[in-house]
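Following: one structure in structure tokens, then a few remarks.
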Amino acid sequence: MEKPPKQEETGFALIHLLPNALTITAICAGLSAIRFGVQGNYVLAVQLIIAACVLDGLDGRIARLLNSDSKLGAELDSLADFLNFGVAPPLVLYFWALQDIRSTAWLAVLLFAVCCVMRLARFNAGSKSETCDQDNAYFEGVPAPAGALLVMLPMYLSFAFADVPLLPSILICLYMVIIGLLLISRIPTWSFKTTKISRENVKYFLIGVAVAGAALLTFAWVTLIALCVTYVGIVLWAWLDRKIPSNR
């Protein structure tokens with residue numbers, strides 16, 4: 001009796017594991033941000049959350065470029081998003097300035113986290129639906145990474161203008177709740193996915209990216225404040241643009 005042919009062992013090329021490695025690194029950054037928030041090193045905690053946002057923007061794109069998308073990677077990315085954008089930012093805010101109204105502040109933290117996980121669940125359900133007709137030019141509600149960066153705006157203001165008194169704790173809690181509600185809102189937010197740059201303007205776009213990168217490295221907190229304000233303006237513009245009927 002002949003033995004069945006031996007199956008060839010299959011493996012993964014190391015480069016195909018790069019997207020998952022970036023996701024794991026982002027998870028480590030988010031967990032470390034919570035640790036440093038507990039220890040009082042708030043600047044490093046915020047920097048780690050921003051690093052997690054950058055890694056989140058890279059892992060999916062690299063996976064598509066390498067044609068190494070997988071269900072495991074998608075689920076891992078979703079879990080990392082909840083930790084890095086729904087748990088770490090409100091906890092760092094809580095440790096930073098909300099200890100004097102713990103009960104009220106904790107309710108705000110819980111609400112933001114719940115809104116973030118609902119936002120991610122809605123996005124995952126929409127992306128898996130075959131009948132869902134989505135406009136790729138817009139997200140529905142503020143994306144989780146943008147919400148994480150926006151909710152830490154009071155910290156950017158404090159780091160940039162050290163002599164200015166902190167905002168009242170109750171206002172920070174209210175701001176956290178508002179950002180959480182924006183995550184699950186139906187407000188259309190520009191996704192940048194379908195935005196195209198003409199050949200004539202590519203050089204100006206690249207110069208702008210270089211200037212923004214240099215500003216972020218040199219004047220990090222002021223630049224982040226400007227980016228948050230600009231993003232809010234873009235959201236308002238997109239909302240008004242969708243509400244105003246076209247005359248054409």
At a 1.4 Å probe, what is the % contribution of carbon and sulfur to the accessible area of the chain?
66
Could you give me the ³J(HN,Hα) list for segment 40-46, computed from phi with Karplus coefficients 6.51, -1.76, 1.60 and θ = phi - 60°, whole Hz, x at Gly and Pro?
x, 8, 6, 4, 5, 4, 5
Sorted by chain and then number, the residues having a modelled amide H within less than 5 Å of the amide H of W190, at least 5 places away or on another chain, are F139
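Could you give the size of the charge dipole of the chain about its Cα centre, using +1 on the Cβ of each K and R and -1 on the Cβ of each D and E, expressed in debye and rounded to the nearest 20? Spell out each step's value before the answer.
Working: 18 positive and 17 negative charges, 85 e Å.
Here the size comes out at about 400 debye.
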Considering the values [x] 26, 22, 18; [y] 33, 25, 20; [z] 34, 19, 17, which represents semi-axes √(5λ) of the Cα gyration tensor in Å as calculated for the structure under consideration?
[y]
Counting each DSSP H run of 4 or more residues in the chain as -39500 (n - 2.57), what helix-only mean residue ellipticity at 222 nm follows after dividing by all residues, to the nearest 500 deg cm²/dmol?
-22500 deg cm²/dmol
Can you give me the accessible area per residue for segment 67-202, using a 1.4 Å probe, in Å²?
55
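The values are calculated or read from the model by the stated rules, or taken from the named source; none is laboratory data. Computed from a prediction, not measured in an experiment: that's the story for all the values here. Note that we place each Cβ from the backbone using ideal geometry, even for glycine, and neighbour counts take in every protein chain shown. To get the accessible areas, we keep the full protein, side chains included, count just its heavy atoms, and leave off ligands, DNA and RNA. Shrake-Rupley method; radii C 1.70, N 1.55, O 1.52, S 1.80 Å.
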